[in-house]
1. Throw me the Rg/Rh for segment A:60-112, computed over C-alpha atoms with Kirkwood Rh, two decimals.
2. Per residue of segment A:61-75, what does 6.51 cos²θ - 1.76 cosθ + 1.60 with θ = phi - 60° give for ³J(HN,Hα)? Whole Hz please, x for Gly and Pro, Karplus curve as stated.
3. Counting only residues 5 or more places away or on other chains, whose amide H sits under 5 Å from the amide H of A:Tyr202 once H atoms are built in the peptide plane?
4. Scan segment A:12-102 for GluC sites (Glu not before Pro) in coil per DSSP, keeping those whose Cβ has at most 15 other Cβ atoms within 10 Å, and list them by number.
5. At a Förster distance of 41 Å, what's the computed FRET efficiency of A:Thr58 paired with A:Ile176, Cβ-Cβ distance as r, to 0.05?
6. Once the Cα atoms of segment A:26-130 are picked out, what are the Rg and Dmax in Å?
7. Calculate one ³J(HN,Hα) per residue across segment A:217-225 by plugging θ = phi - 60° into the Karplus curve 6.51 cos²θ - 1.76 cosθ + 1.60, and present them in order as whole Hz with x for glycine and proline.
8. How high is the FRET efficiency from A:Ala166 to B:Glu26, r the C-beta distance, R0 22 Å, rounded to 0.05?
Amino acid sequence: MEGARGEKVAALIASGYSSDFNGDAYRTVSGQNANNSVRVTDRFIEAVMKDAVWETTTRTTGEVVERISARQLWREMAEAAWKCADPGLQFDDTINKWHTCKATDRIYASNPCSEFVFLDDTACNLASLNLLKFLREPTALPAGGPKAEALEARRGDSTSTPTKHACRIFFLAQEIAVDLASYPTQRIAERSHQFRPLGLGYANLGTLLMVEGLPYDSDAGRARAASLTAIMTGEAYALSRRWPSRRDRFRGTRSIARACSR
Amino acid sequence: MRMHRDSVNNIDHALAPSELIDAAHECWNRAVQLGEQNGYRNAQATVLAPTGTIAS
């Protein structure tokens, strides 16, 4: 919900409306069935860091509309997100740097939650593995509350990572589902078959880190997440190439294949 | 794909179990090597949806 509307909800609640999420205060305010995100470039982030002036421009002619402090704009976006969870942020240069199909087109948009970041008019189905199901040790903590030594001892032997086998099974099932799914438009259907994008993933990372005694916002927590994410994605791509015949690869051109190897 | 593989090098060995980092190197090396021979069937493979959006 955008800032002004969030403030309107707050005003309605203050004047006696129910603060229930299904109550009248929220019902009377429009635009809640959407997520709004802002795409920022490296150039904008550099302007924020240098406390430089930022120019907003028209989409059609590129004409300068406003000259404002990048840092102030950044602050306003952060405060709005803190108040009402909008806007989300997408890092345009980073997204297009790590894009696997640069030769086809750039990436302009995402789905509303922003996890599927790919070419226009493509869709993918999702499957999330629950990380806690892969814990090797029972998750019960010692009676009397977690002791530091117990957590330390646990850290070494309970590394919960979806097995490569589990990644392969789910990825294969999703691959089959590409041809069984229905798509909202013909173009999305065509391109989803052509590029066959898939969305294997995981859930419950926060719980896993807590069980393993790793702080959520820590370098160790991030290293843990990076390792298991790398395993899941690497194993998926290794399987993606395994389907035997040449004609089975996604029907990109040679230039796509070359760009992919970059 | 090589860029994605090479970023496994950025994981600090002091901060994550070695067996996990080794496993990550192993499957990414395999993915790139096999892909260079035959291409990939899928142009994109994994996503991380917000946990709250996933029905259990």
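1. The Rg/Rh ratio comes out at 1.06.
2. 10, x, 5, 6, 9, 8, 10, 9, 5, 4, 5, 5, 4, 4, 4
3. A:Leu129, B:Ala49
4. Counting only loop positions with at most 15 other Cβ atoms within 10 Å, the GluC sites (Glu not before Pro) in segment A:12-102 are A:Glu63.
5. FRET efficiency, A:Thr58 to A:Ile176: 0.30.
6. My reading of the Cα-based Rg and Dmax gives 16.3, 49 Å.
7. In residue order, the calculated couplings are 9, 9, 4, 5, x, 5, 5, 4, 5 Hz.
8. After rounding, the FRET efficiency stands at 0.85.
We did not get these values from a lab; they are worked out from the coordinates using the rules stated. These numbers come from a predicted model, not from an experiment. Quick reminder, even Gly has a Cβ in these numbers, built from the backbone with ideal geometry, and neighbours come from all protein chains shown.
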